[in-house]
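A short worksheet on the structure shown next.
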Amino acid sequence: MKTPTAYGGSVAVPRLPTWLGSQSIINILLEQGVDTVFGYLGAAVLPLFEQIGKVTGQTASINDYITDCLNQETIMTQNTPQNTAPTKAGSQIIVDILKEQGVEVMFGYLGGVVLPLFDKIYDAPIKFIIPRHEQSGCHMADAYARATGKVGVIIATSGPGATNLVTGIANAMMDSVPLVAITGQVRTELIGNDAFQEADMTGITRPITKHNLIIKNPAELPQAFREAFYIAKTGRPGPVLIDLPVDMQIAQIPITEPTSIELPGFHLRTRGHARQISLAAQAINESKRPVLYVGGGVIISNAAEELRMLAQKANIPVTMTLLGLGAYDQGRDESLDMLGMHGSAYANYAVQNCDLLIAVGARFDDRVTGRLKSFAPHAKVIHVDIDPASISKNVNADIPVVGDAKEVLKTMAEEVEFRPREDWFKQIAVWKKKHPFRYDTNAKTIKPQYVIEEIWRQTKGQATIVTGVGQHQMWAAQFYKFSRPRQFITSGGLGTMGFGLPAAIGAQLARPGELVIDIDGDSSFNMTLTELSTAVQYELPIKVCILNNGYMGMVRQWQELFYGRRYSCSYLQNPDFANLARAFGAAGYTVDKKEDVASTIDKMLKETRPCIVDIHVDREENVWPMVPAGKSLDEMSGLDIFEMA
């Protein structure tokens, strides 16, 4: 018998004896000097009682018992055919499966216990991106998955490398992003002994993964990896973590062909129940004031075209969540733009006054609903979602439809009928005219909203926009109008500051040759700015517009409104971002005059290198409108602030 070494060769080792579990138990009992045992037999312990029978009155000592067991094993081995199937190292099988799953780009940071895997990746036809921090690598893989619809892949070594992935994995879980995270682990015989750089990653990540596992049996490795990709991308997508001990990577494993994935208890319902769809269509046909409330699930299922068909055939206005932006062209009259805490007044008023709310691929998040008890008080609710656990979780659904949004919307569109709904659209037009998104256009300072409008104008609304988290994120959602799915990439559920820059890198790798812009805030950008080095190394022409107000902006806004302008710890001293960019090898510009905004954005768009534009915006500008915590969706602050503008 030969065992592979960490250096790629193999060494011959003597074959160790193996025993049945019941034999091992008797072994230990004899070792411990046990000469009397009490018990009552039953089916589940018959194997153990069989071994007890062999010992009782027949074996004089533990040595005699071990000799008997070894003799029995020798006979069994002689009568068992030897496995002569071809084998490969576990690390090579992993790379083969990555290629089989269509992985073209992956991310990761190497370390001691993943060296065997990285050695095989060296020869693989996969573009590998090394971030400057594992969390950023996870955000890159996340954004790559969002931009392409494929599964993102991230690798980290054991211990701190693996734990650095936690925020990125949680972010993917909250936003239903298909991700496979591979974490190295110490050798199996060391697990549980507090070995160097050992961390219980399956325990740590159980609440933030769709599925996780540790591989301790080499024979299970190929199927485990195939199942990981299947679980990550089917149904409601999410992250899957595989904890991979180093000895599993160097073990010789029989080569197996892919087999169909059948997981007990994991059954998907994609088509939707025909009767429920018919009931929903009937409710739409009978309603006078319907609203389509669309979430990220529509984008995930590639159902934008089916949504358009339904909305236009039945003549229904459409509002989108933060993650749903791009699912419906915001340039169309039916669009109500974003709803929620910082959504449009006209979307919020429409939801509060509708008689039918059709939720598709959305989960009634608290930032959308405001006070639940008064949310959409006049509406019957249709809820379409592939995850049955999401239906009626926060808001009771009158007509639940479990299924894939693409298939359900297609069938529903066939059954609905056109209704003019003139009075409803007239009322919406009144709200739109009275309460548009606006700001003080006559201000001498640089307003962040103006910057985003100028980016939208110069890019003709065609750029892929990513953001960090904070005020700048909300302004981007309000003032950049999106027309296609996967055009807006942001951290929604977890709200992860620092997401923007690494996400821009992931999106640019997903869309080489296309324009990718990170609209970021100074505090958010500070958290992961070292990834500029990654963008420079891989010659990725990402653009970053920093809306620099010198504060953690959204926190400062809350301190202003609810804490008497006591700005406790929300001010940060920033570096000179333009000079910092140049130190990394990127282009850098600073803008502190309103008249220089347009020309500098033009320079940024013409840059072929990574480019940072540090724009010093009005320091105390707020995001309006705003639904304060605990208020109803139509109890918005800020609607009257710019009446004079």
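How far apart, in nm, are two points set 7 Å out from the Cα along the Cα-to-Cβ line at Phe418 and at Leu268?
Placing both labels 7 Å along Cα→Cβ, they lie 3.5 nm apart.
Please go through the range 555-639 and write out the trypsin sites (Lys or Arg not before Pro) that DSSP classes as loop and that have at most 10 other C-beta atoms within 10 Å.
Listed in order of number, the matching sites are Arg565, Arg566.
Which residue, chosen from Ile94, Gly493, Ala283, occupies the Cα position most advanced towards the positive end of the dipole of the chain, where the dipole is computed from +1 (Lys, Arg) and -1 (Asp, Glu) charges on Cβ about the Cα centre?
Of the candidates, Ala283 comes out farthest on the positive side.
In the neighborhood of Asn394, defined by Cβ-to-Cβ distances under 15 Å, what is the net charge if each Lys or Arg adds +1 and each Asp or Glu adds -1?
With Lys, Arg at +1 and Asp, Glu at -1, the neighbours total 0.
Report, by chain and number, residues whose modeled amide H sits under 5 Å from the one on Lys380, excluding near sequence neighbours (fewer than 5 apart, same chain).
Hits under the 5 Å cutoff: Leu356, Leu357.
Suppose we keep just the alpha-carbon trace of the range 256-356; what are its Rg and Dmax in angstrom?
Cα only, the range 256-356: 16.9, 59 Å (Rg, Dmax).
Would you mind telling me the share, in percent, of accessible area of the chain contributed by carbon and sulfur at probe 1.4 angstrom?
53
For the range 352-499, report the accessible area per residue in Å² (1.4 Å probe, heavy atoms, rounded to an integer).
42
Loop-only GluC sites (Glu not before Pro) in the range 387-458, please: DSSP not H, G, I, E or B, and at most 12 other Cβ atoms within 10 Å.
Here the sparse-neighbourhood loop sites are Glu417.
If you take every DSSP beta bridge fully contained in the chain, what fraction is antiparallel? Give it as a percent rounded to 5.
Of all bridge pairs located within the chain, approximately 10 percent are antiparallel.
Just the number please: accessible area per residue for the range 544-645, 1.4 Å probe, all protein chains included, in Å².
Ligands and nucleic acids excluded, the result is 49 Å² per residue.
Give the peptides 239-247, 516-524, 123-131, 398-406 in descending order of average Cβ contacts within 10 Å, highest first.
The peptides rank, most packed first, as 516-524, 239-247, 398-406, 123-131.
What does the extension gain come out to for Phe128 and Ile28, with contour length at 0.36 nm per residue minus their alpha carbon separation?
Separation in residues times 0.36 nm, less the Cα-Cα distance, equals 31.1 nm.
Could you calculate the contour length gain from Tyr40 to Thr87, that is, 0.36 nm times the residue separation minus the distance between their Cα atoms, to one decimal place in nm?
Result: 12.4 nm gained on full extension.
The values are calculated or read from the model by the stated rules, or taken from the named source; none is laboratory data. Bear in mind that the values here come from a model prediction, so they are computed numbers and not experimental data. Quick reminder, even Gly has a Cβ in these numbers, built from the backbone with ideal geometry, and neighbours come from all protein chains shown. The area values use the complete protein model at the heavy-atom level, side chains included, leaving out ligands, DNA and RNA. Shrake-Rupley method; radii C 1.70, N 1.55, O 1.52, S 1.80 Å.
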